[in-house]
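Asker: Have a look at this one.
Just so it is clear, none of the values below were taken in a lab; they were calculated from the coordinates. Note that the structure is a prediction, hence the values are computed from the model and not measured. Heads up, the Cβs are rebuilt from the backbone with ideal geometry, glycines too, and the neighbour counts pull from every protein chain shown.
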Amino acid sequence: MPRHVRMAGPFQCTPRVHMSVAMAHPYSDLPPHAFWRRAVSDTPADAPVCIAVPKFRLSPADRIATAGSCFAQHLGRALRGAGLTVLDAEPGPAAIGPGLLQEYGYGLYSGRYGNIYTVRQLVQLLEEVREGAPDPDLVWQRGERFHDAMRPGLDPDGLDSADEVLQIRRRHLQRLVPMLRGADLFVFTLGLTEAWRCRRTGRVYPTCPGVIAGNFDPERHEFVNFRYPDIAADLTRLRDLLHGFRPGMKMLLTVSPVPLTATASGGHVLPATQYSKATLRAAAGDFADAHDDVDYFPSYEIVTNPAARGGFFGEGLRQVTPDGVAAVMRAFLAAHGLREDDASDPPALAEKIDLLCEEAMLEAFSP
């Protein structure tokens, strides 16, 4: 039975500081959620209080578009399960089962664009949608089969020719236009700072050439680790492009809590992961602070909360557990004054379906 959301009662999370004669300093009258002990160590990790105060409230009538890295698949599925209106520009064939639909990239996001790990990759996609013409160089080959370089994992067996790849991509770009023109809110989950790009064009790929398809050539391909100024500039460009499709479209940014599978930076994967997440978090937060129509939701902070003691990560310490996803979505719905009508188990919000994640394939190359 489908679930629906409705407005919950009002609640107050905004800090209120009462300047009184007896007050000695600004910390004297802060609310409980401003203190680590009350808000973190003494609070269950799956029930953070007042962790987000949204700039704008969502309603079931809002039309939501989603994109991002692997973790964003959880968010889109949970938003649909909570009864919110998540757009889908490219629904899959009705006769195909859910497992096969997911394998071919249907229903993961609001378009069949696969995982978008960096802001630059999303900016390039929107520019391509606006132009309406795919780049012929974006066809990779594996054996006798051909793949779309920007979503190489979505046709696992490949296609018969480069022309077929470009025809399907052209249709893909066309179908995204009405979705983007109809969206009230674009939810984007930032995932990585590391990427591989074409030296000649500067176009970044969702995965390193040669991992799924194509051939890596150090003369043609180079590694890039985007810095804060790069990401800030890309977020500005992203907002401008979205407003070009629909003036006034709002943005909601989150940061994926999923660690890097591997780093090509030359360093240890742990500090490489921390650099990536810290940079994305800082850029997303500052960008949201600078724009009234952009908000930030702390998915990353909820999953990595020390109070969870690692419990929101499954075996391998990369994948977020159903309980972790449920904690994120409970906090999200509460922040927006929404709630489920039925009393289903919270973990049911996170369907136990493996995420489609190209980056995870790098594990196969571990010595």
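Asker: Neighbour counts of other C-beta atoms within 10 Å: give me D29, D234 arranged from fewest to most.
Answerer: D29, D234
Asker: Next question. What angle do you read, to the nearest 10 degrees and between 0 and 90, between the alpha-carbon axis of helix 71-81 and the longest principal axis of the chain?
Answerer: For helix 71-81, the angle is close to 70 degrees.
Asker: With +1 on each Lys and Arg Cβ and -1 on each Asp and Glu Cβ, and nothing else charged, work out how big the dipole of the chain is about its Cα centre, in Debye to the nearest 20.
Answerer: The dipole of the chain has a size of about 800 debye.
Asker: How far is helix 269-290 tilted, in degrees, relative to the longest principal axis of the Cα atoms in the chain, given as a value from 0 to 90 rounded to the nearest 10?
Answerer: Result, in degrees: 70.
Asker: Regarding segment 104-248, what is the average projected area of its C-alpha convex hull, in nm²?
Answerer: Over every viewing direction, the Cα hull of segment 104-248 projects on average to 8.5 nm².
Asker: Pick out, in residue order, every one of the chymotrypsin sites (Phe, Trp or Tyr not before Pro) in segment 173-255 that is DSSP loop and has at most 14 other C-beta atoms within 10 Å; say none if there are none.
Answerer: Answer by residue number: F216.
Asker: How far is helix 162-182 tilted off the main Cα axis of the chain, in degrees rounded to 10, range 0 to 90?
Answerer: It works out to around 30 degrees.
Asker: Of the chain, which part is the longest with no GluC sites (Glu not before Pro) in a loop (DSSP not H, G, I, E, B) and with at most 12 other C-beta atoms within 10 angstrom?
Answerer: 1-143
Asker: Percent relative contact order of segment 63-208, based on C-alpha pairs within less than 8 angstrom and at least six residues apart?
Answerer: 33
Asker: Another question about this same structure. In what sequence do M150, M249 fall when counting other Cβ within 10 Å, fewest first?
Answerer: By the 10 Å Cβ count, ascending: M249, M150.
Asker: Now for a different question. Restricting to Cα pairs below 8 Å that are 6+ residues apart, what does the relative contact order work out to for segment 147-228? Please round to a whole percent.
Answerer: 31
Asker: If we count every other residue with Cβ under 15 angstrom of A39's Cβ, Lys/Arg +1 and Asp/Glu -1, where does the sum land?
Answerer: On the way: positive: R37, R38; negative: D42, D46, E301.
Local charge sum for A39: -1.
Asker: Can you find, among V123, I302, F56, the residue farthest towards the positive end of the dipole of the chain? Put +1 on the C-beta of Lys and Arg, -1 on that of Asp and Glu.
Answerer: Among V123, I302, F56, the one farthest towards the positive end of the dipole of the chain is F56.
Asker: Near H172, within a Cβ-to-Cβ distance under 10 Å, what is the net charge of the other residues, with Lys and Arg +1 and Asp and Glu -1?
Answerer: +3
Asker: At a 10 Å Cβ-Cβ cut-off, how would you order V86, V123, V40, fewest neighbours first? The partial results should precede the final answer.
Answerer: On the way: V86 24, V123 20, V40 15.
Lowest count first: V40, V123, V86.
Asker: Additional query: Looking at the chain, which longest stretch skips every one of the trypsin sites (Lys or Arg not before Pro) that is in a DSSP loop with at most 10 other Cβ atoms within 10 Å, leaving the sites themselves out?
Answerer: Free of exposed loop sites, the longest segment is 17-199.
Asker: Can you compute the helix-only [θ] at 222 nm over the chain? Use -39500 (n - 2.57) per DSSP H run of at least 4 residues, normalise by all residues, nearest 500 deg cm²/dmol.
Answerer: Roughly -9500 deg cm²/dmol at 222 nm, from the helical runs in the chain.
Asker: I would also like to ask the following. What number, in percent, do you get for the relative contact order of the chain if the mean sequence gap of Cα pairs under 8 Å and at least 6 apart is divided by its residue count?
Answerer: Values: 630 pairs, mean separation 84.6, N = 367.
About 23 percent, as a whole number.
Asker: Can you tell which of L30, G191, L180 lies farthest toward the positive end of the dipole of the chain, using +1 and -1 charges on the Cβ of basic and acidic side chains (Lys, Arg; Asp, Glu)?
Answerer: L30
Asker: Find the all-direction average of the projected area of the Cα convex hull for segment 179-262, expressing the result in square nanometres with one decimal place.
Answerer: The directionally averaged projection comes out at 7.0 nm².
Asker: Computed over the Cα atoms of the chain, what is the ratio Rg over Rh, Rh following Kirkwood?
Answerer: 0.97
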